[in-house]
Every structure is written in structure tokens, then in C-alpha cells.
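Q: For reference, the structure I am asking about is given below.
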Amino acid sequence: MSSTSTIYDFSTLTGSIDAALHNWMSPGLVLTAELVLVGLIFLTFYALLGLFLVYLERKVCAVMQNRYGPNRVGPLGLLQTIADLIKLLMKELIPIRKADQFLFNLAPFIVIIASFMAIAATPFAKGLQAVDLNIGVFYVMAVSSLGVVGILLAGWSSNSKYSLIGAMRSGAQIVSYELSVGLSLLAIVVFSGTMQLSGIVESQADGWWIFKGHIPAFISFVIFLVASTAEINRGPFDLAEAESELTAGFHTEYSGIKFAFFFLAEYINMFIVAAIGATVFLGGWMPFHIGNWEAFNHVMDFIPSMVWFFLKTFFVVYLIMWFKWTFPRLRIDQLLTLEWKYLMPISLINIVVIAFIVLMGWHF
Amino acid sequence: MNMIFNYIREIFRAISSLWAGMRITGKYFVSPGQIVTQKYPENRATLKMQERFKGEIIMPHDENNQHRCTGCGICEMNCPNGSIEILTNRVPNADGKTERIIDKHIYHLSMCTFCGLCVKTCPSDALAFGQEFEHAVFDRKKLTKVLNQPGSSLKKEAKQ
Amino acid sequence: MSEEIIKNIIVRENEDYIINMGPQHPSTHGVLRLEVCLQGETVKYIIPHIGYIHRGIEKMCEAITYQQIIHLTDRMDYLSAHMNNEAVCLCVENALQVEVPERVKYIRTILDELNRLASHQLWWSAFGMDLGALTTFFYGLRDREMILDIFEESFGSRLLHSFNAPGGLMHDVHPNFQKGIKDFITYFRKKLPEYDQLLTGNVIFQQRAKGIGIMSREKAIAYGVTGPSGRGSGFSCDLRKYAPYSAYDKVQFNEILYTEGDTLARYKVRMDEMWESMNIIEQLVDNIPEGDYTAKMKPIIKLPAGEYFQRVETARGELAVYIVSDGNKTPYRMKFRSPNFSNLFVMNELAAGGKIADLIAISGSLDLVIPDIDR
Ligand code: SF4
Ligand code: SF4
């Protein structure tokens, strides 16, 4: 479609930076410099995003519950989470005498690194993506489920009974829900014929998959939402921390900044699954287009692609928050029943249906 | 076939029940006008406690710095947890007889359970409930108050 | 039945995986400690440990007068403060054979029901939160606030009102009393269906509550489980029907009975009781007779020597007051039969064999108030 060409391509910007650097230094140095640069940008983005998501969640749930939410620190309480972060930084790191010290200290880093790695492959805007792997979907799924190792280690090494139960629940949960997430993403991979995230976005230039893919795509979107909510341990699937049962689950024994790591990782994970969902089902940074309304489509194109991406992502984030603040928590056996008796079979059938649709060329 | 039909119906019923709940929270999300929280320190000027609110025990004084407490000690006796101590003095009055007057009406806010018995049983209606509720202090001793103001005296009322 | 209870006496074994829920735990609603033995996720047995908030109220009562006792009873089951007050007052009034004015009876009944509503609202909020639906907490408290405002307007305090006095009330209700109640009922009749949509109908909630912690009628009777928890098992034990006090003989209402005996049944009993309470209040609130707010009482109450007994239906079950008097102005011995104590100890029977999450649901559905257990 011709209109897509008007969208600003970030690769021109990154390309020119790259060229400028090449004029300055040797290729080896350039690579190092770029790695450091990208790393720093991501770190800053990561921290700010985490803080903002915590704030957002508190605001959203507050309004749902007829409250104001944070409104004391800074305008509209925007600085509240920063104040909380400073508080967490200054808190004492309580050492657990009988804990397995090495693993105990390692666990928060594993969790946070896993979420950090997943964010690398996210296409934020046209041409703005740290690494565009040709197996992007696969990579994101693989990396984001690494976090469970950290959770298991945290629960095991804390040497606390509550933590252990929480960690074991989390293990069972993530291992099973990983399947549904994979299968629901696979549906779109079948549609678009590529695993590359940028390719999937490009394939939605003439309409998002959730619209193009008929009902099966919608079903897999719902399955994706449910399963990924479970995968990131959020309510109503927050069994790993189930505060009314296990006080705080796997991070009961953590304090200060180590606790903050878990906390931050949880929110970043929420962002990541929302970003993946938005990219794969809702067209990523693609603007919203309606058929042949050229004028309308043109106006939509003027909204920067970055804005589109964040709009969609935060829409999904909002959905996930909406779930959490409405539903009661499931029990562990019901959680597994839901996966193995409902989500799994449905997504398998769904894939078959989709394969059939693609084979017959019925999708738009 | 019937089983599959039930399976699908079950799923739809489940989703519709979940949607019903989400409608409720969603409804409140889009109507922030329904927020019930009061912005407390900001609304201090307009915040008015109910007239019967039991904030603390006070002894109302009139413009001549006079109260009505005779120092009879009934409130002290009726208080279930010893929150009130009455210290009296004996002074000669105009007729030359010694008379008991109140020296200090000591009230321990920290122990008071606001049962209202002292206010109710005081024979001369000398006590009342105050609307003050911001009682936080840094020193527990500050919660012990002397209710009759210094230099105050007993209001002599014409006997009806 | 009692042999069966003896058979169920718990023997700890060395390799048991025991976790202590409480005294500081988010879902024990107070300082209750449950020693829970687990096998994986499954609960093997529970041993409740009580006494963390024992204040010796019964003993304290022996040193103070009957008027003063009232304010201690507030602090047992603080969510049914008014009903606790009333139990002592009724007991003293019966002992002295004082006839309290009709107005007092009506107001007491209305306050009872308001208090029951407030208590059930708080229970609903906390129960939802136990199950992980955090929003219920705020909706329940939001609506409870309206009742507390009515209380505050009339008695000056919101939770522990000490509004009853032997012989009647401390003082008359506020002139706005009737209007406030009517406003509240109009408001709450609109809000209560939302509760159902948010939680009752929810498929996750249904799964969590249906068939969980089944208590048979026999078990309820054997353990003395009264109140909504008992009525969820088909144990018809509503004292408002069977031994009416105050103005309960003048109103029409249904005793809510469910026979399933599971968590969902106990939940439904309370939800229906909220509707029923509103019915009772509506029947009374327009007909409060004029009159005195208290009967003539001597300033110092001395009960004639003897034993006196009175029970009332609080929001959690049957509260009984037993006074032994030796003719003095203080009781010789005072005993409270608190509903929560009996309701707590059936928990092992209900939760053993279930999951941890079921244990939380069951303890939530029994609606325990810990200070009432320990007194
Ligand atoms: S306040 Fe009232 S009861 Fe207390 S000593 Fe004074 S007059 Fe007596
Ligand atoms: S309100 Fe009750 S506790 Fe407080 S001082 Fe008066 S009698 Fe004592």
C-alpha cells in the first residue's frame, strides 16, 4: 500500500548515527559504542517504564475502586513511584541466615535479565528495533519464560516454606501456560508466514490480523491474553504470590532493592506481553486503516508510528489490569484445568482451522 | 455431540459471567465522578464533624471563664477505666464554711474509650464531647489534659 | 457425633510439612494462628491457636458495674458492637424485670439490623479479597461508610458505639435518623445487585466456592456452629425467629436457610440476609413510636442474687450472656458464649483434605472475628 511510505522510518535516523560513528572510529569500536549506547537507552527506558507502569496500575485500580490513587507526591502523584523507589533503595537488605546465599542473590538478577532480554526484540516503531531476529517470536517466547528459573531459584533458596510453595506453583503454571502462548502466537505466524516480528508487522499493513484473521484470530488473541496473563503471574493467576494465601509467595523473604527487582520485572513483563500482543495481533506500529478511505488512512498515517505502538500496548496493558482488578484468584488445580482442558484443546483446534483458512486463502 | 455442546455452552457462560464483572469495574473506571475518597488535609477548612461526634471530653467554659463542675467526683467514679481524676480543694466561702471546689479535672485521653458515661452521669452537665479528632502528639504525656482552665471558677446558677 | 470428634483428634508427625498461618497473615483477619500441615498443596490438618488477643474481658467485668460492662462488650465482636451491647442490656433488664419503652425496642431492632448489614458488607469485602478479588474490598467499604455515617450522626462513634444502656439507650437518636436510613436503603438496594454481578455470578468465584468445605447439618450442630455459617448447612438457628427479643416479634421476615453446607451456601445466606435486613428495617423505620429513650433506672444497678441468661443473634451467630449475681453492683461471674469460638473449631473438619486456597475460602466464609474468640 502506498500510504505506508509516508510513515517516518527510524532506520534513517539510526542509519545516519551509525554512518557518523563510522566516520569517527574503527568498525570494532563502533560496534562497542553502539552496544553501550543501546544498552544505556534501554536501561533508562526500562527503569522509567517500570516506574510509570506501577504508577499507572495504581491509578487504574484506584479509579476502578472509587478512589483517587496516588495524588500526593508531585502533580497527580506522578512522582509517587520515584519516592517509593528511593524508599526501596534505602531499605535494609535483610540477610537470611539459612538461605542459599549465592542463589538467593542471583535470583532477582535472572528474573530481571530475562525480561530485559525480551524487550530487545520489540519493534517500537518503524525501523526502531534493537535486534530484528528472523525468529523474533520464538526468541521472545523463549527468553520471557527464562524468568521462571529466577522465580524457582528465589523460592528454593529463601529456605522459607511459603516461598517454596509459591515457586512450585509458579513453575507448574508457567510450564503449562507457555504452550498456549506459543500456540496462539503460532496462529498468527501461520497467517503471516514469518516469525520475524518486523515481518509480522509489515504483513498487517492492509489490516490487523485480529480483523483479517476472522474469528480464529480473535480466539487466539483471547487465548493469548489469558495465557500470557498467567505466564507473567498476574491476577487472577497470581498464585505464585497469592498474598491472601502465601503472604508474598516466592519473594516473601526479599527486601529492599532485591524485592524491587522482582517488582519491576513483573511490570516490565506485563509490558512485554502487551507489546507482543499488540505487535502480533493489533498491527504493532501500523496505523489504523479502514479499507479504501484514503483520506482517513492518510490522517492516520500522520500519527507517528511510535504513538500507535504505545497506544496499542497500553490498551493491552489496561486489559490485563482490568482482569486483575475484577476477578478472584483461581486455585492451582483450576488453573491447570483451565490450561489443559480448555485453552490447550481450543488453541490446537484453532490452529488447524487457521491452517485450513490459509490453505484455502480465505483470509483477506 | 451433546458433550461438545455442553463444553461450548460452559465456556460461553463463563465468559459472560466474567464480562458481567468487568462491566461493573469498567463502569466505575469511566465515571471518576463517583470517587468517594475525601481529600483530608486539604478539606480541613470545610470538614465538619457531626455534632455528636465523640472526639474527646471537654469542659465548656463560658465567656467569664466559668465552668459548671462542682468537683463531685461522680464522673471519676463512673469512668470504667480510670481516665478521669478529680483533685479538689477545700476553701472557705463567703459564709465562713469550707466548701469543696475543683482544683484539677484531669483527663487521660490515652485511656478514654469514649463510652460517654462521664458526660451522661455528670449531675451538673459540666462535661461534653468535643469535635477535635487530630490527637496525634509526640509525647504521651501531652494526652493527659486538665479540663478546667486555669483561673476558672464555678458558675453559680440561680436555682430554679 | 462426639465420638467422631474424639476420633478426629490430631496427632502430629515428625515429617509433617507445617506452616504457620498467622498471627500476622493477611487472611486470618486478626491475630489468629493456624498451624497448617501440608502435603504439597493439600491441607492435612489444621490446629488453630488462639489467645493472641485475650484481654480477660470476662474477668474485667467482675470488677465494674453493669453500665460500665457495656463498653467492654463492644470490644468483643467489634463488628456487631450493638448486638453485644444489647445482649447485656437485655439480660440486666430481664433480671430487674424492667419493661423498656416500645421506642427503645424499635430503635434497638433497627440498629441491630443496620449493624448486621454493616458487618455483612465488611465480610463481603474481606471475603472477596481473600479470594483475590481486591476490588470488592473497596465497594463493600464504600457502602458500609453510609451506615457508619448514620451511626456517627446518632451516637458519635462509628464502630464501638456503646449506645445501649441497661434500661434503654444512652440518649435519643438524631432527628435525621429515619431519613438517613431510608436514603441508605434506597441507595443500597441499587448497589447490592452489583455485588452479585461482580462476585456471585463470576465463574471463578463459583468454582472456588461451590462444594468447598462442606459442613453437614449434624456437624454444624455438633460443633455449635450458629449464625449464617450454621444456616448455610440447613441448621435452623435464627434466634430472631425462635426467641424473639426487642421488636423482632413485630416484623415479618424469613429465616434464610441453605442446605448445601458449602462455602457458596454460607456466602448466599449472608447475601440474602442483607436483603432481609433491609426488609426488616423498612418495616420498622416508619413506625418508631414516640416515647422515652430509656426506662426509669436507678443510678446504681444491683441485680438480685441469682443467675441470668440471655441470648441474641449477632451477625456471626448466637451470643449468649450468662450473669451470676450475688446482689452486688458488680457481677459475681460473667460468661459470654461467643459464636466465633465455636465457628472456628469446625475449620479443621472443613478444610482438611482441601487445598490451601480452599482453607482461605473456608475461613473467609466462616466470617471469624478474632477478638471475639479470645475475649
Ligand atoms: S465533671 Fe461533673 S461529675 Fe465530674 S466532678 Fe465535675 S460536676 Fe462532678
Ligand atoms: S468517656 Fe468513658 S472512658 Fe472516657 S472519660 Fe468518660 S467515662 Fe471515662
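The values are calculated or read from the model by the stated rules, or taken from the named source; none is laboratory data. Small disclaimer: the values here were computed from a predicted structure and weren't measured. Note that each Cβ is placed from the backbone with ideal geometry, even for glycine, and that neighbours are counted across all protein chains shown.
Q: What's the number of the only condition in (1) small (Gly, Ala, Ser); (2) within 22 Å of C:Ser157 (Cα to Cα); (3) within 14 Å of chain B (Cβ to nearest Cβ) that C:Ala87 fails to meet?
A: Single failed check for C:Ala87: (3).
Q: Same structure again: In the stretch B:47-72, which residue that is near ligand 1 (Cβ under 10 Å from one of its atoms) and over 22 Å from the mean Cα position of the chain (by Cα) is farthest from the other protein chains (Cβ to nearest Cβ)? Break it down into steps so the answer makes sense when it comes.
A: Start the filter on the stretch B:47-72 by keeping residues that are near ligand 1 (Cβ under 10 Å from one of its atoms), which leaves B:57, B:59, B:67-72.
From the residues that got through so far, the ones that are over 22 Å from the mean Cα position of the chain (by Cα) too are B:70-72.
Working: B:Thr70: 17, B:Gly71: 18, B:Cys72: 13 Å.
So, considering only residues that are near ligand 1 (Cβ under 10 Å from one of its atoms) and over 22 Å from the mean Cα position of the chain (by Cα), the one farthest from the other protein chains (Cβ to nearest Cβ) is B:Gly71.
Q: Applying the selection to the stretch A:155-188, what residues are under 22 Å from the mean Cα position of the chain (by Cα), away from every other protein chain (no Cβ under 14 Å) and buried (at least 20 other Cβ atoms within 10 Å of the Cβ)? It would help to see each step written out before you state the result.
A: To start, the set of residues in the stretch A:155-188 that are under 22 Å from the mean Cα position of the chain (by Cα) comprises A:166-167, A:169-188.
If we keep only those that are away from every other protein chain (no Cβ under 14 Å) as well, we get A:174-188.
Result: A:Ile174, A:Tyr177, A:Glu178, A:Ser180, A:Val181, A:Leu183, A:Ser184, A:Leu185, A:Leu186, A:Ala187, A:Ile188.
Q: Okay, next question. Taking the stretch B:93-116 only, how many residues are within 13 Å of the chain's Cα centre (by Cα) and within 14 Å of ligand 1 (Cβ to nearest atom)?
A: 2
Q: Something else: When the residues of the stretch C:200-227 are filtered to those that are farther than 22 Å from C:Gly354 by Cα and buried (at least 19 other Cβ atoms within 10 Å of the Cβ), which remaining residue is nearest to the chain's Cα centre (by Cα)?
A: That would be C:Gly227.
Q: Taking C:Phe127 as the residue in question, decide whether it is buried (at least 24 other Cβ atoms within 10 Å of the Cβ), in a helix (DSSP H, G or I), within 14 Å of chain A (Cβ to nearest Cβ) and in contact with a helix residue (DSSP H, G or I) (Cβ under 6 Å, 6 or more places away or on another chain).
A: Working: buried (at least 24 other Cβ atoms within 10 Å of the Cβ): yes; in a helix (DSSP H, G or I): yes; within 14 Å of chain A (Cβ to nearest Cβ): yes; in contact with a helix residue (DSSP H, G or I) (Cβ under 6 Å, 6 or more places away or on another chain): yes.
Spelling it out, C:Phe127 is indeed buried (at least 24 other Cβ atoms within 10 Å of the Cβ), in a helix (DSSP H, G or I), within 14 Å of chain A (Cβ to nearest Cβ) and in contact with a helix residue (DSSP H, G or I) (Cβ under 6 Å, 6 or more places away or on another chain).
Q: Still on this model: Quick check: anything in the stretch A:64-76 crowded, with 18+ Cβ neighbours inside 10 Å, touching a residue at least 12 places away in the same chain (Cβ under 8 Å) and not in a helix (DSSP H, G or I)?
A: Yes, that holds for at least one residue.
Q: Which one of these does A:Phe356 not meet: (1) out of contact with any Leu (no Cβ under 7 Å at 6 or more places or on another chain); (2) within 29 Å of B:Gly26 (Cα to Cα)?
A: (2)
Q: Right, here's the next one. Take the conditions loosely packed, with under 13 Cβ neighbours inside 10 Å, without any contact (Cβ under 8 Å) to a residue 40 or more places away in the chain and out of contact with any Gly (no Cβ under 9 Å at 6 or more places or on another chain) and apply them to B:Asp125. Does it pass? Give the steps one after another, and end with the answer.
A: On the way: loosely packed, with under 13 Cβ neighbours inside 10 Å: yes; without any contact (Cβ under 8 Å) to a residue 40 or more places away in the chain: no; out of contact with any Gly (no Cβ under 9 Å at 6 or more places or on another chain): yes.
No: the conditions fail for B:Asp125.
Q: In the stretch C:349-372, which residues are over 16 Å from C:Glu41 (Cβ atoms) and not charged (D, E, K, R)? Write out each step before concluding.
A: Of all residues in the stretch C:349-372, those over 16 Å from C:Glu41 (Cβ atoms) come to C:349-350, C:363-372.
Result: C:Leu350, C:Ser363, C:Gly364, C:Ser365, C:Leu366, C:Leu368, C:Val369, C:Ile370, C:Pro371.
Q: Based on what the data block shows, is B:Glu76 farther than 18 Å from B:Lys156 by Cα, under 20 Å from the mean Cα position of the chain (by Cα) and acidic (Asp, Glu)?
A: Details: farther than 18 Å from B:Lys156 by Cα: yes; under 20 Å from the mean Cα position of the chain (by Cα): yes; acidic (Asp, Glu): yes.
Judged against the criteria, B:Glu76 is a match.
Q: Considering only the stretch B:131-139, I want to know if a residue exists there that is at pLDDT below 85, within 12 Å of another protein chain (Cβ to nearest Cβ) and either surrounded by 12 or more Cβ atoms within 10 Å (Cβ to Cβ) or away from ligand 1 (no atom under 16 Å from the Cβ) (or both).
A: yes
Q: Let me ask something else. Is it the case that the stretch C:218-237 has a residue that's among the hydroxyl-bearing types (Ser, Thr, Tyr), under 30 Å from C:Lys296 (Cα atoms) and touching a helix residue (DSSP H, G or I) at 6+ places or on another chain (Cβ under 8 Å)? Before the answer, list the steps.
A: As a first pass, look at the stretch C:218-237 and keep what is among the hydroxyl-bearing types (Ser, Thr, Tyr): C:223, C:226, C:229, C:233, C:236.
Subset that is under 30 Å from C:Lys296 (Cα atoms): none.
No, the stretch C:218-237 contains no residue that is among the hydroxyl-bearing types (Ser, Thr, Tyr), under 30 Å from C:Lys296 (Cα atoms) and touching a helix residue (DSSP H, G or I) at 6+ places or on another chain (Cβ under 8 Å).
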